[in-house]
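This report concerns only the one structure given below.
The values are calculated or read from the model by the stated rules, or taken from the named source; none is laboratory data. Small disclaimer: the values here were computed from a predicted structure and weren't measured. Counting neighbours? That spans all protein chains shown, and the Cβs are built from the backbone with ideal geometry, glycine included.
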Amino acid sequence: MTKKKESQPVKKAPPKIENRKARHDFHIDETYEAGIVLKGTEVKSIRDGKASLQESYAQIKLGEVWLVNMYIKPYEFGSYHNHEERRERKLLLNRKEIREMDKRISQKGFTLVPLKLYFKGGRVKILIGLARGKKKFDKREDIKEQDARREIDRRVKGSYSVNL
């Protein structure tokens, strides 16, 4: 007799939450991977993909890096211990990295922008970028380049044929 294989539930990959607008609005010079201090209900909401990095930024206060204005939806099955949606969250970085960031931020035009929130080895990590704001003409040039690349890809794709 043959044994039937039991169907196991399919594990879905934890979501990667990205701040796509940041790459459009800023020139990213350097990136840093940081840990983030979260509560249990916040981690569960992030696993469900219910978080947003839009309109959030990082700042340095008293030698520590804090993420400000990041939205994490309250967990549906949480109790009265649920978290606040837009509280400040501490980022975990090395002192050397924090000092380096602080020097660069003190220069005119630099800021810390969160780029991506993801899971790595069961822990939540955030990719933050040291960024300078783009001018309007820079954004237009980027859009022109993207359109040109798309047009080239369309033409190459349309003209390619295989004779069998």
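What tally of residues in the stretch 47-69 results from selecting those that are within 15 Å of the chain's Cα centre (by Cα), charged (D, E, K, R) and within 23 Å of R104 (Cβ to Cβ)?
Going through the stretch 47-69 one residue at a time, the tally reaches 1.
Quick check on I72: is it under 21 Å from the mean Cα position of the chain (by Cα), among the β-branched types (V, I, T), closer than 17 Å to K39 by Cβ and surrounded by 13 or more Cβ atoms within 10 Å (Cβ to Cβ)?
Values: under 21 Å from the mean Cα position of the chain (by Cα): yes; among the β-branched types (V, I, T): yes; closer than 17 Å to K39 by Cβ: yes; surrounded by 13 or more Cβ atoms within 10 Å (Cβ to Cβ): yes.
Yes.
Do you know which residues across the stretch 32-46 are under 16 Å from the mean Cα position of the chain (by Cα) and assigned to a loop (DSSP other than H, G, I, E, B)?
V37, L38
Take the residues in the stretch 16-32 that are in contact with a Leu (Cβ under 6 Å, 6 or more places away or on another chain) and of a type in the set (V, I, T), then tell me which one is nearest to M101 (Cα to Cα). Steps first, answer last, please.
Narrowing the stretch 16-32 to residues in contact with a Leu (Cβ under 6 Å, 6 or more places away or on another chain): 17, 19, 22, 29-31.
Still in the running and of a type in the set (V, I, T): 17, 31.
Numbers: I17: 23, T31: 10 Å.
Checking each candidate, the answer is T31.
Within the stretch 129-152, does at least one residue satisfy the condition of being surrounded by 13 or more Cβ atoms within 10 Å (Cβ to Cβ) and closer than 30 Å to K12 by Cβ?
So far as the stretch 129-152 goes, yes, one or more of its residues are surrounded by 13 or more Cβ atoms within 10 Å (Cβ to Cβ) and closer than 30 Å to K12 by Cβ.
Give me the residue from the stretch 11-43 that is among the basic types (K, R) and farther than 11 Å from L127 by Cβ and, out of that set, modelled with the lowest pLDDT.
Taking the stretch 11-43 first, the residues among the basic types (K, R) are 11-12, 16, 20-21, 23, 39.
Now restrict to residues that are farther than 11 Å from L127 by Cβ: 11-12, 20-21, 23, 39.
Values: K11: 68, K12: 71, R20: 86, K21: 86, R23: 85, K39: 83.
By that ranking, first place goes to K11.
Looking at this structure, is K90 in contact with an Asp or Glu (Cβ under 8 Å, 6 or more places away or on another chain), at pLDDT 90 or above and surrounded by fewer than 16 Cβ atoms within 10 Å (Cβ to Cβ)? Walk me through how you get there before you give the answer.
Values: in contact with an Asp or Glu (Cβ under 8 Å, 6 or more places away or on another chain): yes; at pLDDT 90 or above: yes; surrounded by fewer than 16 Cβ atoms within 10 Å (Cβ to Cβ): yes.
For K90, the condition - in contact with an Asp or Glu (Cβ under 8 Å, 6 or more places away or on another chain), at pLDDT 90 or above and surrounded by fewer than 16 Cβ atoms within 10 Å (Cβ to Cβ) - is met.
Give me a count of the residues in the stretch 54-68 that are closer than 21 Å to R20 by Cα and surrounded by fewer than 16 Cβ atoms within 10 Å (Cβ to Cβ). Explain how you work it out, then say what you get.
Initial filter on the stretch 54-68 (closer than 21 Å to R20 by Cα): 54-59, 66-68.
Remaining after also requiring surrounded by fewer than 16 Cβ atoms within 10 Å (Cβ to Cβ): 54-55, 59.
The number of residues fulfilling the criteria is 3.
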